[in-house]
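Asks: Okay, handing you the structure first.
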Amino acid sequence: MRSWIFQGKPERYPLKEKLVKDNRETWLVSRYKDEISKGDIVLFWSSGNENIRGLYGWGLITQNSVQYYDDWGYGIEVLYKVRFKNHIGINQIRKSGILNNNVLLRMPIGTNFKISVNEYQELSNLLQNLGETAPPVLNGGQDNE
């Protein structure tokens, strides 16, 4: 099992409206096609200005592997499990220092971002401390560095 951050642009995919618990949707996979798989945990991030940029919830990959779709490219189905009561904004994330070395904050271009085991655990702790439902503990197979 691995963990990821999937990023959506608010003008194309407004997470505030679209992330609904127990809904399934197919997300674009722009990289890591051979690494993303069923059971992986995804944290959902919105790009955009500082008022909306940040984490909105988490879910699970429900397909065994990435599929190719003629109309828009590679994608994989996710099941939304939790939408946070309050999004975790970029300023809060920066202040925590958790993702400061992650490419998501250093060069936030793309849809899919790896997060390390440590980043995942620290994000989970931050979510719990903020009263949000954190994703499950990773149980082996996590090879994101």
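Asks: Report, by residue number, each residue of the stretch 19-37 that is in contact with a strand residue (DSSP E or B) (Cβ under 7 Å, 6 or more places away or on another chain) and without any contact (Cβ under 8 Å) to a residue 40 or more places away in the chain.
Replies: If the condition is that a residue be in contact with a strand residue (DSSP E or B) (Cβ under 7 Å, 6 or more places away or on another chain) and without any contact (Cβ under 8 Å) to a residue 40 or more places away in the chain, then SER37 is the only one that fits.
Asks: Pairs, please: C-beta under 8 Å, at least 6 apart or cross-chain, first residue closer than 11 Å to VAL29 by Cα and in the stretch 60-72, second charged (D, E, K, R) and surrounded by 10 or more Cβ atoms within 10 Å (Cβ to Cβ)?
Replies: SER65/LYS38; VAL66/LYS33
Asks: I would also like to ask the following. Specify the residue that is nearest to GLY48 (Cα to Cα); the eligible residues are those in the stretch 73-113 that are free of Cβ contacts under 8 Å to residues at least 40 places away in the same chain and β-branched (Val, Ile, Thr).
Replies: Applying the filter and picking the extreme gives ILE109.
Asks: Criterion first (in contact with an Asp or Glu (Cβ under 8 Å, 6 or more places away or on another chain) and either of a type in the set (D, E, K, R) or farther than 20 Å from ARG2 by Cβ (or both)) does LYS33 satisfy it?
Replies: No.
Asks: Say we look at the stretch 1-37 and pick out the residues that are assigned to a strand (DSSP E or B) and polar (S, T, N, Q); which of these is surrounded by the fewest Cβ atoms within 10 Å (Cβ to Cβ)?
Replies: Looking at the filtered set, the residue picked out is THR26.
Table: residues versus (1) at pLDDT 95 or above; (2) not polar (S, T, N, Q).
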position: GLY8; (1), (2): no, yes
position: ASN23; (1), (2): yes, no
position: ILE41; (1), (2): yes, yes
position: GLN63; (1), (2): yes, no
position: LYS81; (1), (2): yes, yes
position: ASN91; (1), (2): yes, no
position: ARG106; (1), (2): no, yes
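Asks: For the stretch 38-56: of the residues being without any contact (Cβ under 8 Å) to a residue 40 or more places away in the chain and in a strand (DSSP E or B), which is farthest from PRO135 (Cα to Cα)? I'd like the intermediate steps shown before the answer.
Replies: Within the stretch 38-56, the first condition is being without any contact (Cβ under 8 Å) to a residue 40 or more places away in the chain, and the residues that meet it are 38-40, 42, 44, 48-49, 51, 53-54.
After this cut, where a residue has to be in a strand (DSSP E or B) as well, the list is 42, 44, 54.
Values: VAL42: 9, PHE44: 12, GLY54: 16 Å.
Restricting to residues being without any contact (Cβ under 8 Å) to a residue 40 or more places away in the chain and in a strand (DSSP E or B), the top hit is GLY54.
The values are calculated or read from the model by the stated rules, or taken from the named source; none is laboratory data. Here the structure is a predicted model, which is why all the values come from computation and not from measurement. Counting neighbours? That spans all protein chains shown, and the Cβs are built from the backbone with ideal geometry, glycine included.
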